[in-house]
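The values are calculated or read from the model by the stated rules, or taken from the named source; none is laboratory data. Remember, it's a predicted structure, so these values are computed and weren't measured experimentally. Cβ placement follows ideal geometry from the backbone for every residue including glycine, while neighbour counts extend to all protein chains displayed.
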Amino acid sequence: MTRKMIKDHPILNFEHEKKKVVKFTFDGREMEGVEGEPIAAALHSNGVQIYRITPKQERTRGFFCAIGKCSSCFMVVNGVPNVRTCVTPLEAGMKVETQTGMGILKPEE
Amino acid sequence: MKRTDILVVGGGPAGLSAAIEAASLGADVVLMDSDLKLGGQLIKQTHKFFGSRTEFAGTRGFEIADILFDEVEKYKQEGKLEVFSNTTVTGYYKEDGIVSYTIGEETYDLMKPQKIVMATGAQEKRIAFYNNDLPGVYGAGAVQTLMNVYGIPPGKKVLMIGAGNIGLIVSYQLMQAGVKVAGIVEAMPKIGGYWVHAAKVRRLGVPIYLQHTITEALGEKVIEGATIQEIDNSFNLVGEPMKIDCDTICMAIGLTPTCELLWSAGCEMKFVPQLCGYVARRDAMMRTSHPDIWVAGDAAGIEEASAAMVEGRIAGLAAAASLKPEGCQMLRERSADYLKRLEHLRAGDTGAKIRSGLEQVCCECWG
Amino acid sequence: MDSKKVDVAVIGGGVHGCSTAYHLAQKGFKTALFERDYITSGSSGRSAAGLRYQFGTEVNILLAQYNMKCLKTLGRDLNYPGDLEYDPAGYLWIAYSESQLDQLEKNVKLQNELGTTGSKVLNVKEIQEVAPHLNTEGMLGASFNQEDGHINPHTLCFAYADAAKELGVEIYKKTSVTGIITKNGCVAGIHTDKGDWEADAVVCCAGAWSVEAGRWLDLDIPITPERHQIMITEPVERMKHPMTLCLDDGSYWKQCPNGTFMLGVGKDEVKDTSFYASWDYLDAATERILPKMPVLSGIRVVRQWTGPYANTPDLQAIVGPTPVEGFYIDCGWSGHGLQFAPSVGRIMAEFVNGEKPFIDVSMFRYSRFEEGELFFEPACI
């Protein structure tokens, strides 16, 4: 799907066309996002709002504070759980997954 | 171990101003900010600031940030200022004044600054309503980050909670971004923000529901709507709940200062309702009870960017002055103008709340 | 300020104070407990909260049997609505030398003889079975009891405090005891910053701060506080891992019921009750523990805190009466005292009541230091 972006803003010029777009996967689905911008921003523009399911009550969680302080946006990124997607920059080829439960420590390689 | 004259924690308007001021006086400065981009909340503001020329009247928030970034760049080139973004100061160890920090997720290190300016800003408050944890409920700062920094629409139709300055401004910004605003809900009987901001949203036909509160967010996995209801003067629900069609609920009900590092450092703290939470006691030069730590900006009390920038200047000046033998003289001379500017910003009716808050935590000097 | 009267005044709102107050009230004593800050604000609330059957001396083994029996169902028995979180993840004491292994074998043998049959010695392969994430390099063997584990130190205290209040105990928080009143060499009451109380007996459960209380009566209570630190990580899914203690360097760690890992090391520390954490502790803990459990290398640290050990010359508690009639002490638990709240709270009440304690604790007597009969317990570090 095409990413949702704001164009024709009366004051701000986002210069979307100048940004470096990279591919990543979310739960196995291929998506595109801007390299270096937060993973959460890429997910949001791809219409993904649910980032994790809480361990006990299985509630949905997503973006909330945007400054890395609330733990709502945790996801498993490249196998590492509890990654703060709102302040973690997107890299090409990242494997982003919905986190269910508390997170399983990635074993040492 | 990395050492420096002054560490500034936080790269928003107060922190940037403190770093620039200190560097301009010859101090070696390190600035650390935990976000990916510097500028704090300033880079998200599209409206024009008002006040006097020195307070950048007529200039948009994000443009003021650019002005500060240019000065930062100048001192960086001169080698007086080192800037770290995506860097969180994780601890202040009181026994030896050592600071720990992490860069991203991979790097952890320690440093020893001689002096510190804490400009750690604030965080959003929340209110309780059924389903307030569903995705689609965002803080105002988060909404601004998506739409003004990354150019991504936060949703299609937003219900705004809070008619203070932030609620009004963000509502207007949403509409500039092409997002509909279903309405603004405010618990008090009158609008908390400046009239000029309220007028803009009213002209665009956004209903403002005074003496109303949100009772429920609707939806199973994400927000699909909300119910609001009228409240009386004692905040009891009256009348019938009203359903509002929206896919995003933006909470702009207030901020509270971020003070963990100040607590760790053993600074004297006081709960001041007018300043929106616990804040550090400080003297006129923004120094806390800890002789090596200053505070500035929203971390010192919720106010706004103009005051944050002047407080940042004062704190940066005072911290740099404390490292010089001729510091006291310099401090007296240069601070007079800054103090006058703050007085001007806080004058009149609009400044009454801040003034009564500051009275409770300001002391003449630490003796 | 009014003067008030009680039968017994308990000093200290940690787990021993709350348990003692509860047991005293059960025996019908009109009791008041005085805590200078809030319940659990001292060592109790900062504890690593380990429970174990495993000890190396008869008295500690017998006390531990009673402790464990009580702690498993205490919440229910005291009608406490919250969760005490008794979590039998097991407790592994690991030997890195022949002499350490030798001592562990002796400890287990004595425990088995006295009826603690769940304690056993494990070889390296068996260690790997109970703790598959451990790097067993250098390990020679371990002692282990699957029923040992964790309890929530806060809810444990609150359960005793609430039960005590139900029985009529008055708990005064934010109230500092400032002196002890005597008449003809016997306890007659206490001074506090909120007034005086008359009392026929005073039980001092003030942990590392008991030294001060002793001074009011010219008693030398030989406690030296020592700061210890703990770090807590982010929560992760429950892993198969018992509480682990390594005898080579005193490092220990466990996964708490909420998924967080708690890490501690023995290291050179300041000898005071200050609550400030140090940055070099984080380095020490990670340096020692990560090689032993490499899977933790990516886990994030959330916070660290400190708590004082109340160390005596032989690292064993001081329990019982003192030369001052009416003044009893229960302190000096040297970092392993939380779990003894059930047995020793009961024993303190028995002492005050003039009864013979249900388990003979003369090894812990106050006079042993003067008599030169220090008490060596091999299963404490």
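Assorted remarks:
- Flag for A:GLU32 being under 14 Å from the mean Cα position of the chain (by Cα), surrounded by 13 or more Cβ atoms within 10 Å (Cβ to Cβ), within 27 Å of C:GLU234 (Cβ to Cβ) and more than 11 Å from every other protein chain (Cβ to nearest Cβ): no
- Flag for C:LYS183 being surrounded by 16 or more Cβ atoms within 10 Å (Cβ to Cβ) and free of Cβ contacts under 8 Å to residues at least 12 places away in the same chain: no
- A:CYS86 being within 11 Å of chain B (Cβ to nearest Cβ), surrounded by 16 or more Cβ atoms within 10 Å (Cβ to Cβ) and at pLDDT below 90: no
- Inspection of the range B:107-117 identifies at least one residue that is under 23 Å from A:ALA40 (Cα atoms) and of a type in the set (Val, Ile, Thr).
- Within the range B:284-337, the only residue that satisfies the criterion of being part of a helix (DSSP H, G or I), farther than 16 Å from B:ALA22 by Cα and hydroxyl-bearing (Ser, Thr, Tyr) is B:SER306.
- Flag for B:ILE223 being assigned to a loop (DSSP other than H, G, I, E, B) and of a type in the set (A, V, I, L, M, F, W, C): yes
- Selected residue [closer than 22 Å to B:ILE191 by Cα, buried (at least 16 other Cβ atoms within 10 Å of the Cβ) and assigned by TED's automatic domain parsing to the domain that holds B:GLU304] from B:LEU275, B:LEU261: B:LEU275
- Residue selected from the range C:73-91 under the condition assigned to a helix (DSSP H, G or I) and touching a residue at least 60 places away in the same chain (Cβ under 8 Å), by the criterion surrounded by the most Cβ atoms within 10 Å (Cβ to Cβ): C:LEU74
- Residue check, C:LYS106 out of contact with any Asp or Glu (no Cβ under 6 Å at 6 or more places or on another chain), of a type in the set (Lys, Arg), without any contact (Cβ under 8 Å) to a residue 40 or more places away in the chain and more than 30 Å from C:VAL10 (Cβ to Cβ): no
- Filter result for A:GLY47 (assigned to a loop (DSSP other than H, G, I, E, B) and of a type in the set (Gly, Ala, Ser)): yes
- Being assigned by TED's automatic domain parsing to the domain that holds B:GLY11, under 27 Å from B:GLN45 (Cβ atoms) and not charged (D, E, K, R) holds for only one residue in B:ALA284, B:ALA321, B:ALA315, and it is B:ALA315.
- Residue within the range B:20-43 that is in a helix (DSSP H, G or I) and among the acidic types (Asp, Glu) present: yes
- Taking the range B:38-61 as the range and being touching a residue at least 60 places away in the same chain (Cβ under 8 Å) and of a type in the set (Ser, Thr, Tyr) as the test, the residues that pass are B:THR46, B:SER52, B:THR54.
- Selection status of A:PRO10, modelled with pLDDT under 95, more than 8 Å from chain B (Cβ to nearest Cβ) and either in contact with a Ser or Thr (Cβ under 9 Å, 6 or more places away or on another chain) or at positive phi (or both): no
- Restricted to strands (runs of 3 or more DSSP E) entirely inside the range B:76-167, those with at least 2 residues that are in contact (Cβ under 8 Å) with a residue 12 or more places away in the chain, within 12 Å of chain A (Cβ to nearest Cβ) and hydroxyl-bearing (Ser, Thr, Tyr) are B:87-93.
- Unique residue being assigned by TED's automatic domain parsing to the domain that holds C:GLU35 and over 24 Å from C:ARG46 (Cβ atoms) when the list is C:VAL187, C:VAL211, C:VAL177, C:VAL203: C:VAL187
- Hits in the range C:153-180 (condition: surrounded by fewer than 17 Cβ atoms within 10 Å (Cβ to Cβ) and among the hydroxyl-bearing types (Ser, Thr, Tyr)): C:SER176, C:THR178
- Residue selected from the range B:154-168 under the condition modelled with pLDDT under 95 and surrounded by fewer than 24 Cβ atoms within 10 Å (Cβ to Cβ), by the criterion nearest to B:ILE214 (Cα to Cα): B:GLY164
- Filter result for the condition that a residue is exposed (fewer than 15 other Cβ atoms within 10 Å of the Cβ), at negative phi and either at the interface with another protein chain (Cβ under 7 Å from one of its Cβ atoms) or not in a loop (DSSP other than H, G, I, E, B) (or both), over A:PRO81, A:PRO107: A:PRO107
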